[in-house]
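Enquirer: Quick one: structure below, then a few questions.
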Amino acid sequence: MLSRRETLFTALKAACGISVGAASPLGTLLTGAAAAETPARPPREWTVPFGAALRDGPLANEADYRAAVARHCAQAVGEGGLKWFDLRPARDRFVFDQPDKQLEFARANGLELRGHTLVWAEVMPDWTRTISQGEAEAELIRHIETVMSRYRGKIRSWDVVNEPIANDPASRTHLRPSIWQQRLGEGHIALALRTAARTDPQARLIINEYDIEFVGDRFRRKREAFLRLIRDLKLRNVPLHGIGLQGHLRADLPVDRDALSAFVAEMRSLDLEVLVTELDVVDDKLPAATDLRDMMVAAKAYEYLDAIQAAARPSAVLSWGITDKYTWVPMYFKRSDGLPNRPLPLDEAYRPKPLMRVLEHFCGARR
Ligand code: 9MR
């Protein structure tokens, strides 16, 4: 009779063509109730710091949530809080309550808090539409100076610019439309980075982007456009220390291993650090069965992290949430069978899933 493990591997092969040897490292990582039984690795033992995005509701109201983050993470980042929409309800008001609370929690638990984000086309408050072309430069500078100086020496790594490349770039110079792009052109990116460097010379300045990793024409164009922007900034000596690969993986899309490794190698050759900033695995198209689905999610993250690791060790890996209980995924990728999505390292009861073991494998001390 087939063991549970063999049955799962057979199903995995049938569902997504991934062939896993029972004794292979991936096989060991993917299977077994052991995922739930393995004690969490204390964050201080991570060689690549692992972290997660924080959601403010449960952070304020749920002891289990706080305990899970403190137990598993060495880093954290606000899922919201530092975005313009949250921080700037009106032109003359900055509201720092959320990020202040995140920082307090991070510091109390020995976590490094990352800053997300200073420049992004999305979730801009309505009043920003009234910023004129003549005012845009001063407004952007004021925002970055005000926010970064408040957290100087406390938040040491910033997604200064988030998602600068067009969703489906028609050319290598095709950037995402935003009020900054409309008012100031591409120069707003260098302006933001220079302002950030002046405001906090010690901070690590990062540009963060998504959809860099898959097979397909749109993803190739996205990589090329991102690479063009990064090379251009480096060539002009604009301060930039690294890039963030968001890593919102689609379980149904194959990772372009060679292209992703080559991209990471190119970043390293430009002396840039590479972070994985928003890892999760979108499981809307996966089979319903929980065991199999969790394995497929973990296998996808393995495929991705292995391709990055083949070129360079990332300087941190953060998932976009810690528990399936709180995830953005159903906002865009609800399952048609009505089952809850399972994109994150811990299940809704805070039990580690196979994805957590994959993360421990890549980030853990014994590697
Ligand atoms: O997960 C975030 C969600 O809760 C917010 O409503 C949304 C808008 O602020 O942003 C989500 O986070 C996004 C991140 O900031 C940038 N990359 C994509 C993330 C998922 O949409």
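The values are calculated or read from the model by the stated rules, or taken from the named source; none is laboratory data. Bear in mind the structure is a predicted one, so any value in this text is a computation, not a measurement. We place every Cβ from the backbone using ideal geometry, glycine too, and count neighbours over all the protein chains shown. What goes into the accessible areas is simple: the full protein's heavy atoms, side chains included, and nothing from ligands, DNA or RNA. Shrake-Rupley method; radii C 1.70, N 1.55, O 1.52, S 1.80 Å.
Enquirer: Looking at the stretch 221-363 only, what percent of DSSP beta bridges run antiparallel? Nearest 5 please.
Expert: Antiparallel: roughly 10 percent of the beta bridges in the stretch 221-363.
Enquirer: Please sort 290-297, 249-256, 149-156 by packing, taking for each peptide the average over its residues of neighbouring beta carbons within 10 angstrom, highest first.
Expert: 290-297, 249-256, 149-156
Enquirer: Per q in 0.25, 0.27, 0.29 Å⁻¹, report the Debye log10 I(q)/I(0) for the stretch 51-117, using one uniform scatterer on each alpha carbon and no solvent.
Expert: These q points yield log10 I(q)/I(0) values of -1.05, -1.19, -1.32.
Enquirer: How large is the charge dipole for the stretch 78-232, taken about the Cα centre, if only the Cβ atoms of Lys, Arg (+1) and Asp, Glu (-1) carry charge, to the nearest 20 debye?
Expert: 360
Enquirer: Now a separate question. Name the aspartates and glutamates eligible as straight-distance cross-link partners of LYS353: C-alpha to C-alpha under 18 Å, and not fewer than 8 places from it in the same chain.
Expert: Partners found: GLU37, ASP64, GLU278, ASP280, ASP283, ASP284, ASP291, ASP294, GLU303, ASP324.
Enquirer: Oh, and also: LYS13: which lysines have alpha carbons under 17 Å from its alpha carbon, excluding same-chain residues fewer than 8 sequence positions away?
Expert: LYS285, LYS300
Enquirer: Give the carbon-plus-sulfur fraction of the accessible surface of the chain in %, rounded to a whole number; probe 1.4 Å, heavy atoms of protein chains only.
Expert: Of all accessible area on the chain, carbon and sulfur atoms account for 51 percent.
Enquirer: In the chain, what % of DSSP beta bridges are antiparallel (nearest 5)?
Expert: Once the DSSP bridges in the chain are tallied, antiparallel ones form about 10 percent.
Enquirer: Send over a whole-number figure in Å² for the accessible area per residue of the chain, probe 1.4 Å.
Expert: Per residue, the chain has an accessible area of 41 Å².
Enquirer: While we're here: So what J values fall out for the stretch 190-200 if you push phi through Karplus, 6.51 cos²θ - 1.76 cosθ + 1.60 with θ = phi - 60°, rounded to Hz, Gly and Pro as x?
Expert: These are the phi-based 3J(HN,Hα) values: 5, 4, 5, 5, 5, 5, 4, 5, 5, 6, 9 Hz.
Enquirer: In whole Å, what is the distance between the alpha-carbon centres of the stretch 94-158 and the stretch 228-286?
Expert: Their Cα centres are 23 Å away from one another.
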